[in-house]
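Asker: Shown below is the structure under consideration.
The values are calculated or read from the model by the stated rules, or taken from the named source; none is laboratory data. These numbers were taken from a predicted model, which means no experiment stands behind them. Don't worry about glycine lacking a Cβ; one is built from the backbone with ideal geometry, like all the others, and counts go over all protein chains shown.
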Amino acid sequence: MLGSSSRPPFAKPLPDLYIAAVANTTRSSSITHAGNWHPFEIRTHKPDAIRSLIAPGGVEDRLRVVAFAEVQARDAFRWGAERFPEAPEAWREEWLRFADVEDRHAQMLLDRMDALGLSVAGRAVSDKLTRLCHLAEDPVTFLFLLSSAEERGMEAGYTLGQQMKPVDEASAAVFAQIASEEVEHVDSAKAALAGQDIEALRVKARALSKLI
């Protein structure tokens with residue numbers, strides 16, 4: 001085993017600028033609902049519009065919005081595991097595991113923003129997903145609300161992974177990877193909700209959405 005001061009003979013020291021960039025990377029773990037989502041700028045009812053993908057700021061807007069969706073999903077999974085002790089233990093364990101995946105996804109997007117020199121607080125985003133999930137009064141409704149958002153995000157990620165390639169291939173690859181890893185979340189929720197009245201859950205979700 002190499003000691004802390006040892007380095008393989010072929011290894012080169014990291015450039016100072018690289019080390020500084022890593023040190024200054026925005027950490028997804030520090031962005032929480034309890035901390036008012038800082039440094040994201042939240043505008044509850046009218047976030048900034050998403051610019052065209054090929055327009056200046058188009059890639060930036062998508063990185064920011066999806067990164068924020070990922071940290072919201074992470075906190076929602078953790079909130080649900082604590083809020084609904086009556087949920088099956090297997091559900092709650094899986095929610096906590098998925099929360100860690102969402103946090104990693106958020107960090108991937110934040111790292112990409114940092115690499116491009118983009119500001120997390122550059123434009124306002126909405127915390128609608130969090131507010132909607134917090135209206136759930138039972139674990140089934142909660143899971144349906146969150147998994148529906150996850151499925152929409154997965155589908156959007158696949159689309160972005162293709163459409164963004166000519167504009168920013170590196171960012172497109174991040175979106176594609178995230179979408180592929182969200183499949184497990186969506187499939188797990190569908191299996192858990194099998195036997196539930198999905199149409200009734202859709203009606204309930206629409207009614208709750210109108211409250212926010």
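Asker: Within segment 104-139, track down each residue that is surrounded by 18 or more Cβ atoms within 10 Å (Cβ to Cβ), part of a helix (DSSP H, G or I) and small (Gly, Ala, Ser).
Answerer: Selection gives Ala106 alone.
Asker: Can you tell me which residue is nearest to Val65 (Cα to Cα) among those in segment 187-200 that are surrounded by fewer than 18 Cβ atoms within 10 Å (Cβ to Cβ) and of a type outside the set (Asp, Glu)? Steps first, answer last, please.
Answerer: First, the residues of segment 187-200 that are surrounded by fewer than 18 Cβ atoms within 10 Å (Cβ to Cβ): 187, 190-191, 193-200.
Going one step further and asking which of them are of a type outside the set (Asp, Glu), we end up with 190-191, 193-196, 198, 200.
Numbers: Lys190: 25, Ala191: 28, Leu193: 28, Ala194: 30, Gly195: 33, Gln196: 31, Ile198: 28, Ala200: 29 Å.
Among them, the one singled out is Lys190.
Asker: Next question, about the same structure. Are any residues in segment 75-93 surrounded by fewer than 19 Cβ atoms within 10 Å (Cβ to Cβ), assigned to a helix (DSSP H, G or I) and of a type in the set (Asp, Glu), and if so, which ones?
Answerer: Glu82, Glu89, Glu93
Asker: Test of understanding: among Gly157, Gly161, which residue is at pLDDT below 95, under 17 Å from the mean Cα position of the chain (by Cα), surrounded by 20 or more Cβ atoms within 10 Å (Cβ to Cβ) and not hydrophobic (A, V, I, L, M, F, W, C)?
Answerer: Values: Gly161 fails: surrounded by 20 or more Cβ atoms within 10 Å (Cβ to Cβ).
Selected residue: Gly157, the only one of Gly157, Gly161 that is at pLDDT below 95, under 17 Å from the mean Cα position of the chain (by Cα), surrounded by 20 or more Cβ atoms within 10 Å (Cβ to Cβ) and not hydrophobic (A, V, I, L, M, F, W, C).
Asker: Based on this model, can you work out whether Leu146 counts as of a type in the set (A, V, I, L, M, F, W, C) and more than 18 Å from Arg202 (Cα to Cα)? Spell out the reasoning first.
Answerer: On the way: of a type in the set (A, V, I, L, M, F, W, C): yes; more than 18 Å from Arg202 (Cα to Cα): no.
No, not satisfied.
Asker: Write out, first by first residue and then by second, each pair whose Cβ atoms fall under 7 Å of each other, whose residues are 6+ apart or on separate chains, and whose first residue, in segment 53-72, is under 9 Å from Val125 (Cβ atoms) while the second is not in a loop (DSSP other than H, G, I, E, B) and not aliphatic (A, V, I, L, M).
Answerer: Once the first residue is under 9 Å from Val125 (Cβ atoms) and sits in segment 53-72, its partners that are not in a loop (DSSP other than H, G, I, E, B) and not aliphatic (A, V, I, L, M) give Arg64/Gly122; Ala69/Gly153.
Asker: Evaluate segment 25-34: report whether one residue or more is hydroxyl-bearing (Ser, Thr, Tyr), part of a helix (DSSP H, G or I), closer than 30 Å to Gln196 by Cα and within 12 Å of the chain's Cα centre (by Cα). Walk me through how you get there before you give the answer.
Answerer: Initially, segment 25-34 is screened for residues hydroxyl-bearing (Ser, Thr, Tyr), giving 25-26, 28-30, 32.
This time we only want the ones that are part of a helix (DSSP H, G or I), so: 28-30.
Now narrow it down to the ones that are closer than 30 Å to Gln196 by Cα: none.
No, segment 25-34 has no match at all.
Asker: Kindly indicate whether Phe142 is within 27 Å of Arg83 (Cβ to Cβ), crowded, with 16+ Cβ neighbours inside 10 Å and among the aromatic types (Phe, Trp, Tyr).
Answerer: Working: within 27 Å of Arg83 (Cβ to Cβ): yes; crowded, with 16+ Cβ neighbours inside 10 Å: yes; among the aromatic types (Phe, Trp, Tyr): yes.
Yes.
Asker: Show the residue pairs that are 6+ apart or on different chains and have beta-carbon atoms under 9 Å apart, the first residue being within segment 121-133 and touching a residue at least 12 places away in the same chain (Cβ under 8 Å), the second being of a type in the set (S, T, N, Q) and in a helix (DSSP H, G or I).
Answerer: Listed pairs, sorted by first residue: Asp127/Gln72; Lys128/Gln72; Lys128/Ser209; Leu129/Gln72; Thr130/Gln72; Leu132/Ser209; Cys133/Gln72.
Asker: Scan segment 96-103 and give yes if some residue there is in a helix (DSSP H, G or I), among the charged types (D, E, K, R), at pLDDT 95 or above and in contact with a Lys or Arg (Cβ under 6 Å, 6 or more places away or on another chain), otherwise no. Explain how you work it out, then say what you get.
Answerer: Here is the first cut: in segment 96-103, the ones in a helix (DSSP H, G or I) are 96-103.
From what's left, among the charged types (D, E, K, R): 97, 100, 102-103.
Going one step further and asking which of them are at pLDDT 95 or above, we end up with 97, 100, 102-103.
Narrowing further to those that are in contact with a Lys or Arg (Cβ under 6 Å, 6 or more places away or on another chain): 102-103.
Yes, there is a match, as at least one residue in segment 96-103 is in a helix (DSSP H, G or I), among the charged types (D, E, K, R), at pLDDT 95 or above and in contact with a Lys or Arg (Cβ under 6 Å, 6 or more places away or on another chain).
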